[in-house]
Amino acid sequence: MTTRVRFAPSPTGYLHIGSARTALFNYLYARHTGGKFLLRIEDTDLARSTEESTRSILEGLKWLGFEPDEEIVFQSNNADKHRAAVAKLLAEGKAYRDFTPKAETADKNVKAAIVERAKENQDMRANPFRDLSKEESDEKAQTEPFAIRLKIAKSGKTSFQDAVYGLLERDYNEIEDLVLLRSDGHPLYNLAVVCDDIEMEITHIIRGQDHLTNSHKQILIYEALGKEPPKFAHLPLILAPDKKKLSKRIHGEIVAMTTYRDAGFLPEAFRNFLALLGWSNKTEQEIMSLEELIDQFELENIHRSNAVFNFEKDNPKHWTDDKAIWMNAEYIRTMPLEELLPLVKPELKAAKLWRDEYDDDDKEWFENTLNLIRQRFFTLKDFSAQGRAFFSEDFDFDKAAIEKNLGKEPNLKIWLPELAVVLENVEDFTHDTLQEVVKEFCEAKGTKLGVLLNGARVLLTGQGVGPSMLAIFETLGKEKSVMRLKSQIVWNL
RNA sequence: GGUCGAUUCGUCUAGGGGUCUAGGACACCGCCCUUUCACGGCGGCGACACGGGUUCAAAUCCCGUAUCGACUACCA
């Protein structure tokens, strides 16, 4: 039997980190076992589901590289099948009509109401309509609205072997006769999930640990339906630094995948980072390609304890998890150039820094330049920001850099244009030759190489930091180097 | 309130009775390299939640406590 797993988000917001990680683990497991990775949109809550959200989730999955192997299933299309399943259970006496009027509780009070109700420690089988005769129930149904509940046995327990948490048990009297169908005929989550998973022939359910109690309920539905439940693997949660579940409402954009795409993260880097949140290959290797991840992924190596996604609000340097940033930088500076190129291109295009020559006539120059500047970049954004002076004459001068590198030696105002004149006459405009020339120039002026070079750095790149200055000369070429050294712009600032 | 689960450096984690004066990564700090900043190299700081047992021996097994989390809906 081939493995079939599904990622089943409800479209009530963008794809967030926790969901993305669930999708990743499902994807890795499917690939590892040679099975299928499916996608189901759980849009049964019409009031909260939006198309916009579905689009955004799809976009996020696509960015991460997880395309479903079969057509996407929209749960709302299956409502009739869900109702049919309930009708069957009702006919078989495995479910019953509950004529209790629906309690109206405002959304924001729901949590409190649940806790209050639970405190009463009531008998879960005390529903007065549970044992109504078929005749009475049928008759009442003619005139009164009703919900349909699953009839759970008075004693016993559900148990299953979770791939991550081991044997899990739950006593029946901890579970109420859960509602399958609302009084308006609308199928509820647990019912819908089970029906769809059966229809999709799902073999393994890999989802967040917050579904642990749902799994027990769902097993009861499987049993009532006479079906074999799939294997379960519950994932530890991803928490915010305050140890609360990551949520859009509390933690904001930091949880959205689009934030990372827009901030210049590489999908392969973020995937790698995500994989290490709650899973480990038990070795010291941390940088892993998708192939390695697939190869090494085992459900048994998933952790049982929650992981914290670390970030500091309002701290630009640590705005998101340091390790994610580091990993992104690591990928940027070590990945094959031909893989980096197509990622940088859209970034430069968006910043209006792209020239088509970079794809043909100037391809070699472009590659060399990327290779030079990528060494100290963290995100794709850096190519258009810090790297701007390599692709355009229109770049800003960093004020601190001017003060630090130019302010300390007043003679630079004279020397740098002089150096321009010297460089104009250099035939072989390459690193080693330039080094000789600049060295000689410095000796003649009685100054240190660093003083001159760092001064030049500001004129040529607008910044106080960056690659080796001689490499910058070579990369920019004689014409631009000379022009920028002669430019008076910075001195007039 | 109840049920279930978890607890190793700030964070991600290795370790599942002796090899642990607890290993790695990120972050932080220092030194080296160096025209700057990075990278890299070297080093530093830094953890077994607590209390009882079991055992010759406990981070590892058991029991309590604490803390955290999830769930507890005619939401998903």
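Derivation of every value follows stated rules applied to the coordinates shown; laboratory data play no part. All values derive from a computational prediction rather than experimental measurement. With ideal geometry, Cβ positions are generated from the backbone for all residues, glycine too; neighbour counts draw on all protein chains shown.
Below are the figures for this structure:
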quantity	calculated
Reduced Cα scattering model of chain A, Debye log10 I(q)/I(0), q = 0.06, 0.13 Å⁻¹	-0.43, -1.21
Degrees, to the nearest 10: A:412-424 long Cα axis against longest axis of chain A	80
Burial ordering of A:Thr283, A:Thr158, A:Thr100, fewest other beta-carbon atoms within 10 Å first	A:Thr283, A:Thr100, A:Thr158
Relative pair counts by distance (%), Cα atoms of the range A:303-352, 10 Å bins	21, 30, 35, 12, 2
Segments A:356-367, A:377-388, A:88-99 sorted - mean Cβ within 10 Å per residue, highest first	A:377-388, A:88-99, A:356-367
Debye, to nearest 20: dipole size of the range A:32-166, +1 on Lys, Arg Cβ, -1 on Asp, Glu Cβ	560
In order through the range A:313-324: 3J(HN,Hα) via Karplus (6.51 cos²θ - 1.76 cosθ + 1.60), integer Hz, x for Gly, Pro	4, 6, 10, x, 6, 10, 4, 9, 3, 3, 5, 5
P(r) histogram, all alpha-carbon pairs of the range A:174-316 included - 5 Å bins from 0, percent	2, 8, 14, 15, 16, 16, 14, 9, 6, 2, 0, 0
Nitroxide proxy distance, nm - points 7 Å out along Cα→Cβ at A:Lys231 and A:Val422	7.1
Convex hull volume per residue for the range A:120-196, taking Cα atoms only, in Å³	136
Of all DSSP beta bridges in chain A, antiparallel share, percent nearest 5	50
Cα centroid separation - the range A:246-280 against the range A:176-222, whole Å	28
Protection proxy ranking of A:434-444, A:128-138 - average other beta-carbon atoms within 10 Å, highest first	A:434-444, A:128-138
Percent RCO, i.e. relative contact order, over the range A:346-401, from Cα pairs under 8 Å lying at least 6 residues apart	38
Fewest-first sequence of A:Met1, A:Met288 by Cβ atoms within 10 Å of each Cβ	A:Met1, A:Met288
Kirkwood hydrodynamic radius of the range A:1-130, from inverse mean 1/r over distinct Cα pairs, in Å	17.9
